[in-house]
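The values are calculated or read from the model by the stated rules, or taken from the named source; none is laboratory data. Since the structure is predicted, the reported quantities are computational estimates derived from the model, not experimental observations. So basically every Cβ, Gly included, is an ideal-geometry build from the backbone, and we count neighbours across all protein chains shown.
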Amino acid sequence: MIKNLAPKLTDAEYEKNFADINPPFAPHNSKIEANRCLYCFDAPCTRACPTHIDIPAFIKKIATGNMRGSAKEIIDANILGMSCGRICPVDSLCEGACVYNERDTEAIEIGRLQRYSIDWFYENWDKTKHMFKAGKSNGKKVACIGGGPASLSAAFYLAQLGYAVTIYDKNDKPGGLNTYGIARYKMSAEEALKEVKLVEHVGVKFKQKCEIGKDVKIDKLTKDCDAVFVGVGLGQTEDLGIPGEDLPGVVDAITFIDELKHKKLRDVRVGRRVAVIGAGNTSVDAATQSKRLGAEMVMVLYRRSEEEMPAYEYEYEIAKKDGCVYYFLTAPKRIVGKGRVEGIECVRMKLGEPDASGRPAPEPIAGSEFILECDMVIKSLGQKKQGEFAKKVLGLKTDNRGRITVDEITMQTSNPKFYAGGDCVNGGREVVNAVAHGKRAAWAIHKKLSGEDIDLDGLWKNETIRRNANTAEHQYA
C-alpha cells in the first residue's frame, strides 16, 4: 500500500498527459508525406523491417488513394501493422534506413503512414474484413502456446493456409505484451484487441485462462495437434534481491503498466516521490507514466553509465522531457522504511572490466552509500526467461540464458513437432521481431506438413511468398 499518494489530477489533465504521443496524420497530410517518398527499388527501409513490409508499395498506394491496397500490403507482411505503426523504434529500423538520411533530409515518416493506413482499415472494418479469410481446410491442427505477438502472427498466417489453429493463453485477454505491457500513451488495450479480432476473423480459436501443463496436459496437446508453436514471451520482472523488497510500496513495472492499461487513470496509485530501478524501455514507460499520473519527483536509478543504458534514445528523451531525473552509476542497496517504503539506500558505482555481456562491469565504491527519500519503488530490471517452463513442461532445450533454442531459418526447436518465436527465443526484443518469428514459423510448419517445396531461406531473404494461398496475387493492387 502506498501511503504518501500523489494528488489526483483533473480529468482534463489526465487526458492531456496520456494523449497519443504520436498522433495520426490527417488525410491531406498523409498524401503530402506519401508523395515525398522516392519509392526506391530494393528499398533499404523494406530490408530494415524484420517483417519486410514492401514499404514503397504501401506508401505509393496511399499517395494514389488506394487505401484497401495499402492496408493489404502491410497486413500480408505484418498482422500487427497497427501496433508496429505506433510502437516500433522506427529510428532504428525503417526510418533509420531511409535514403533521405544520407541527404541530410528528414526521413519519410513511415511509422505514421503505416498507422494511417491500418487505422483506416479498422475504421472501415465491416467493409475491409472480407479482404482476409480462412483458407480451405486441409484437415491439420496447430496449437499456439501464449497469446502474444508471435503466436498471433503464426496463427494468422497458418489459418489462411487452411490449418485449424487454437491459441492457448493463461491471461484473461489475448494479445500478450500489446494488451498488457505497452505504455498507455503509445497504444491502448482496446487498440491491441482490434488486431486480435482480425486473427479471430480468419478462424483462429482462443482459449483464455488456460495454462499448458495445468489446464491442458502437454502430452494431450502434442497428440492432438500436427504442430505446436511456442510464443510464451517472458516471465515476471526480475527481483532486486535486496532487503526491504517486500515492503508495501514496491511494485514491478509490468504490473504497474498493466494497471494503467486496464483501470481508470485516477484509480491507479502512485507515490509523490517514485524511484524506478533499471534503465530499459520498460523503465521509461514506468517512469514517464508515474510523472504523468502526478508524481512530484521520479528518479531513475541505473548501475552503469548513460552510454550503457539499454533504452532507445527517443525513449530516453521522452523521460527527460517529462522531468524524470536519472541517477547513473547508482545501484540500490536496500529499501528502507517502517511498515512501508520511506526511502532507498544506494551506493555509487564505477565501471570495471567488461563482463559476460560485453559491457563494463559496475563495481561499488566503498563508503559512497546515500539515501534517496521515496514512497514508491518500481522494479524494472527486465523479465525472467521462460527456461524452466520450456524445459520442465514442454521438454525443450534452452541456452545458458534460459532462451528456447531454435533453428534460425525454420524456428524449429529440439522437438521437431515444436516451433518457437518471440521473446522466449530472442530474450526480449521488439514486437515486430516477434511477428517476423511467427510468420517464419508458419511457413516452415506449412512446408513440413504440406510437403510443398518452399525455399525458406530464399523466402526470408527475398520475401517472395507473401500472399494468402486463397487470394489472387494482386487483388487489391
Check your understanding: Does region 103-111 contain at least one residue that is more than 16 Å from PHE229 (Cα to Cα) and within 19 Å of the chain's Cα centre (by Cα)?
Key -> yes
Revision key, fill the gap. Of (1) assigned to a helix (DSSP H, G or I); (2) under 20 Å from GLY85 (Cβ atoms), LYS220 satisfies every one except (2)
Practice item. Of all residues in region 273-298, count the ones that are under 19 Å from GLY382 (Cβ atoms) and either surrounded by fewer than 24 Cβ atoms within 10 Å (Cβ to Cβ) or among the hydroxyl-bearing types (Ser, Thr, Tyr) (or both). Key: 6
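Could you identify the single residue in LEU372, LEU381 that is within 20 Å of the chain's Cα centre (by Cα), more than 25 Å from ALA155 (Cα to Cα) and of a type in the set (A, V, I, L, M, F, W, C)?
Sole residue among the options that is within 20 Å of the chain's Cα centre (by Cα), more than 25 Å from ALA155 (Cα to Cα) and of a type in the set (A, V, I, L, M, F, W, C): LEU381.
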Check your understanding: What number of residues within region 169-196 satisfy the criterion of being surrounded by fewer than 22 Cβ atoms within 10 Å (Cβ to Cβ) and either part of a strand (DSSP E or B) or without any contact (Cβ under 8 Å) to a residue 40 or more places away in the chain (or both)?
Key -> 5
Practice item. Return yes or no: is VAL347 buried (at least 16 other Cβ atoms within 10 Å of the Cβ) and in contact (Cβ under 8 Å) with a residue 24 or more places away in the chain? Key: no
Check your understanding: Is one or more of the residues making up region 24-31 on the phi > 0 side of the Ramachandran plot, out of contact with any Lys or Arg (no Cβ under 8 Å at 6 or more places or on another chain), at pLDDT below 95 and surrounded by fewer than 17 Cβ atoms within 10 Å (Cβ to Cβ)?
Key -> no
Exercise for review: Out of GLY395, GLY402, GLY337, report the one residue that is surrounded by fewer than 20 Cβ atoms within 10 Å (Cβ to Cβ), closer than 23 Å to ALA253 by Cβ, assigned by TED's automatic domain parsing to the domain that holds GLY231 and not basic (Lys, Arg).
Suggested key: GLY402
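The rows are residues; the columns are (1) surrounded by fewer than 14 Cβ atoms within 10 Å (Cβ to Cβ); (2) in contact with a helix residue (DSSP H, G or I) (Cβ under 6 Å, 6 or more places away or on another chain); (3) of a type outside the set (Ser, Thr, Tyr).
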{"residue": "LYS209", "(1), (2), (3)": "yes, no, yes"}
{"residue": "GLY213", "(1), (2), (3)": "no, yes, yes"}
{"residue": "VAL216", "(1), (2), (3)": "no, no, yes"}
{"residue": "LYS223", "(1), (2), (3)": "yes, no, yes"}
{"residue": "VAL230", "(1), (2), (3)": "no, no, yes"}
Point to revise | Lone unmet requirement of (1) touching an Asp or Glu at 6+ places or on another chain (Cβ under 7 Å); (2) at pLDDT 95 or above; (3) surrounded by fewer than 24 Cβ atoms within 10 Å (Cβ to Cβ) for ILE110 | key: (3)
Study note, to complete from the structure: Per the filter on region 305-325, residues surrounded by fewer than 19 Cβ atoms within 10 Å (Cβ to Cβ) and outside any loop (DSSP other than H, G, I, E, B) are GLU306, GLU307, GLU308, GLU313, TYR314, GLU317, LYS320, LYS321, VAL325
Exercise for review: Run down ALA134, ALA155, ALA150 and say which single residue is surrounded by 18 or more Cβ atoms within 10 Å (Cβ to Cβ), of a type outside the set (Asp, Glu), farther than 21 Å from ALA183 by Cα and within 23 Å of the chain's Cα centre (by Cα).
Suggested key: ALA155
Exercise for review: Taking the options ASP407, ASP457, ASP453, name whichever one is at pLDDT 95 or above, surrounded by fewer than 17 Cβ atoms within 10 Å (Cβ to Cβ) and not aliphatic (A, V, I, L, M).
Suggested key: ASP407
Study note, to complete from the structure: Going through region 223-254 in order, the residues found to be in contact (Cβ under 8 Å) with a residue 12 or more places away in the chain, assigned to a helix (DSSP H, G or I) and either closer than 27 Å to VAL377 by Cα or among the basic types (Lys, Arg) (or both) are ALA253, ILE254
